[in-house]
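Read the structure below first, then the notes.
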Amino acid sequence: MCIVGIGKMTIQMPRGRGGAMPSGILGFDELTGGGLPRRRVTVVMGGAGSGKTIFGLQVLANGALLHDEKGLLVSFEQSVEQLAQDCAAFEWASVLRENGPVEILDARLSQTIAQGGDFDLLGLLAVMGAKLKMSGARRLVLDGLDVLLAHLGSAQAVRREVYRLREWLDASDLTVILTAKAYDSVSATSKDYDFLQFMADCVVMLRHTVVNGTALRDLRVSKLRGAAHSANEIPFTISKYGIEVASGGPGELDYPASSERVSSGVERLDTMLDGGYYRGSSVLITGAPGSAKTTLAAAFAQACCARGERTIYLSFDEGPRQVIRNMAAVGIDFKSPAASGLLRMVSLRARSGSPEAHVATVRALVREHAPQNLVIDPLSALACGCGGELGEDAAIQILDIAKSRGITTVSSSLLGNALPLSEESPIGISTIADTWMHLSYVSSGGERNRALTIIKSRGTAHSNQVRELLLTDAGIHLAEVYTVGGEVLMGTLRWERENDLKRAEEASGRARDLREREAEVALAEARARLDAIARDIEVRERDLEQVRHERRLDTGRSVSSGDELRRLRGADASEDPSEVEAPR
Amino acid sequence: MSAIEPTPTVSPVPVNVRLYMAKNAPNSIIAREELEKYLASNPHILATVELIDVLDDSVRALRDGVLVTPTLVVSCDGMERRVIGNLRNAQALAAALPGPRGAW
């Protein structure tokens, strides 16, 4: 099966006659460069349940709702009541009503009617003309024309009436969709009605197949006159909005690019990423089973809700209540934001639909919840059961939906191969992810430990270091790792290494404390000695001063005594007192 | 000598016959001819025949649920039978109209 790559499908070509008429079918108008050929005939062929009638009705409904164009469906196979019931679940079903913008003409031949020979469709053309005139319809769907044609009996008669119909339609100025069954599963065409393709200006083949138990739908525009087109098989799905064809949006990418950072929910990871993820970017977390991909993605969702941002948490094969319980075990509270409606938790079975159906689900969720953030766990579930190409295509579509709306997306991707340490993502979206983190197991010392590596992060100076990821009651903790002889130490070895370092640090601290105390004592002793010396100096100074004082006193007394002696002896005033013998 | 039993008389059966046709389309011409021929050879059918050209009266054809031409609609005793096609299938035409004994 050939799947056209996203971004390669858009074709814009000029059209003849009336140009292109938008079908309003998501993805189809991009595929055909504008829609169906206006005022021309489009043949939609496919097997039972391939979506032919829905295709026709949806084009009519979109014409009424989006372009104010009335429509008429002429049903050769189902009653009006059956069609109304079959379409009741579609959003646009309300337009299908009597005297409404889209009417249904019951054109079934009764089972009790007798066939009395060859007939022609002139009567049909007459009544259709009358009905169209009464309703003012500009879009016409002939649903199951092959049922009526089968009554004609010969291939020649069928061909004659089909060409009669073609001429009438050409003259009518209507845009027509003609549905017919196809029985050949290989070429998706019916030998009986092959010529329908030649008379049509546009031929759309619808196919409904089962691959590995998964129902897949694809669509192929095998003919489109006046416009180059891709004839590849494109997946589509049928949701409550009707048919949605896989589309990568416009060929030229023009996503918003915010410079704002949003927290990953793990503080240390934010640091490693220079502030967190870029808002509106796509983040991919790959890893082996049990490597904490879910927890890391859930941490982001919790952080989003803590900021008051609307978030969708889409999980595959794990119910919301189970997710809430499991995350509570690692300190992540989903119960409160889920109860408040801030967090929309949706769980799907991976095999419950085709990848395209899951894309439609995500698209519908985004429409309804208008989230700022999206978590998908795991994105690799899209590839479950139907092969990587379809899953990859669906994953790319989902990321495109998110990026075009500025939604920050964190997706996990399971590694299902036999290489648990491999960093190869099974869904090859790693190339379009802005940030890619890989969780691996590192085995050493008889145990396995989780390691986180940032493989890439566009526009971000990020850490290239491996961190050990620890799950605790309080959430995720990223621990430093040690390398010894080129080997990374994790788990117990890291713990032992941390303890060794801690003990060495403590011993070093103790020695330093001792030295500090010894130095303080020595200093105190020195200061004490210094104080004692100072005091001694002071004492000695005082002693010296005292001695000098006393000397001065003694000298004074001696002078006075000499003077007195000379006076008593009657000596000359010039006699030296020192020569006078002191009295005994 | 046995008495000769009288031949049972068949009372005419009144029916309303509408033939929806498309002007001079070959099948419509054939159907008209086949109908006239059949009624001529079955005098017990007291038919009121109405020829309706769907190209002229398409609204009536729409209302009467006519899809293909020619279409023969036979009404009798509140019941209705339809035959599509040019009526060359005599069995189909005979089944739609009252039989010789008036059975329908």
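Any read-out appearing in this document is the output of simple, stated calculations on the displayed coordinates, not a laboratory observation. Nothing here was measured: the structure is a model prediction, and the numbers come from that model. When we count neighbours, we look across all protein chains shown, and the Cβ atoms used for this are built from the backbone with ideal geometry, even at glycine.
Find the Cα radius of gyration of the protein assembly as shown, compare it with 2.2 N^0.38 Å by division, and give the number to two decimals.
1.89
Which whole number gives the average count of other chain Cβ atoms within 10 Å of the Cβ atoms across peptide B:30-42?
For this peptide, the per-residue mean of nearby foreign Cβ atoms is 1.
Placing one identical point scatterer on every Cα of segment B:19-104 and ignoring solvent, what is log10 I(q)/I(0) from the Debye formula at q = 0.14, 0.16, 0.19 Å⁻¹?
For segment B:19-104 at q = 0.14, 0.16, 0.19 Å⁻¹, log10 I(q)/I(0) is -0.45, -0.59, -0.83.
Using helices alone, what [θ] at 222 nm do you get for chain B, with -39,500 (n - 2.57) per DSSP H run of 4 or more residues, divided over all residues and rounded to the nearest 500?
Counting only the DSSP helices, I get -8000 deg cm²/dmol.
Hey, can you grab everything whose amide H is under 5 Å from the amide H of A:Leu73? Only 5+ residues off in sequence or another chain; H modelled, so Pro and N-termini drop out.
Under 5 Å from the amide H of A:Leu73 lie the amide H atoms of A:Glu103, A:Ile104, A:Leu105, A:Val141, each far enough along the sequence or on another chain.
Can you tell me which of A:400-406, A:290-296 comes out highest on packing, and rank the rest after it, using the mean Cβ neighbours within 10 Å?
Ranked from most to least packed, the peptides come out as A:290-296, A:400-406.
Can you quote the Å³ per residue value for the convex hull of the Cα atoms in segment A:260-390, rounded to an integer?
116 Å³
Sequence-distant or interchain residues sharing an amide H contact under 5 Å with A:Val203, placed H: which?
A:Val43, A:Ser222, A:Lys223, A:Leu224
Roughly how many whole Å is it from the C-alpha centroid of segment A:543-565 to that of segment A:106-166?
Value for the Cα centre distance between the two parts: 157 Å.
Would you mind checking the tilt of helix B:26-41 against the longest principal axis of the Cα atoms of chain B, expressed as 0 to 90 degrees and rounded to 10?
20 degrees
If you average the alpha carbon positions of segment B:39-104 and of segment A:43-103, how far apart do those two centres end up, in angstrom?
Taking the Cα centre of each part, segment B:39-104 and segment A:43-103 sit 33 Å apart.
List the lysines whose Cα sits under 17 Å from the Cα of A:Lys456, skipping any in the same chain fewer than 8 residues away.
Leaving aside lysines fewer than 8 places away in the same chain, those within reach of A:Lys456 are A:Lys293.
Across peptide B:68-77, what mean number of C-beta atoms from other chains lies inside 10 Å of a residue's C-beta?
Mean shielding count: 4.
Averaging sequence separations of C-alpha pairs under 8 Å and six or more residues apart, then dividing by the length of segment A:261-480, give the relative contact order as a whole percent.
28 percent
May I ask for the distance between the Cα centers of segment A:307-358 and segment A:268-288, given as a whole number of Å?
20 Å
Under 18 Å Cα to Cα from A:Lys240, which aspartates and glutamates show up? Leave out anything in the same chain fewer than 8 places away.
By straight Cα distance, A:Lys240 reaches A:Asp86, A:Glu91, A:Asp218, A:Glu356, A:Glu368.
Describe numerically, in nm with one decimal, the distance between label points set 7 Å from Cα along Cα→Cβ at A:Asp554 and at A:Ala370.
Between A:Asp554 and A:Ala370, the label points sit 11.2 nm apart.
What spacing in nm lies between the two simple spin-label points modelled at A:Arg503 and A:Glu81, each 7 Å away from Cα in the Cβ direction?
Simple spin-label model gives 8.7 nm for this pair.
For peptide A:126-133, compute the average count of partner chain beta-carbon atoms within 10 Å of each residue's beta-carbon.
6
Between A:Asp274 and A:Arg535, what FRET efficiency comes out of the Förster formula 1/(1 + (r/R0)^6) with R0 = 56 Å and r the beta carbon distance, rounded to 0.05?
0.30
Taking A:Lys335 as the anchor, which aspartates and glutamates have their alpha carbon closer than 14 Å to its alpha carbon, excluding any fewer than eight residues away along the same chain?
Leaving aside aspartates and glutamates fewer than 8 places away in the same chain, none come within reach of A:Lys335.
What is the percent of Cα-Cα separations in segment A:261-480 that go past 30 Å?
Roughly 15 percent, once rounded to a whole number.
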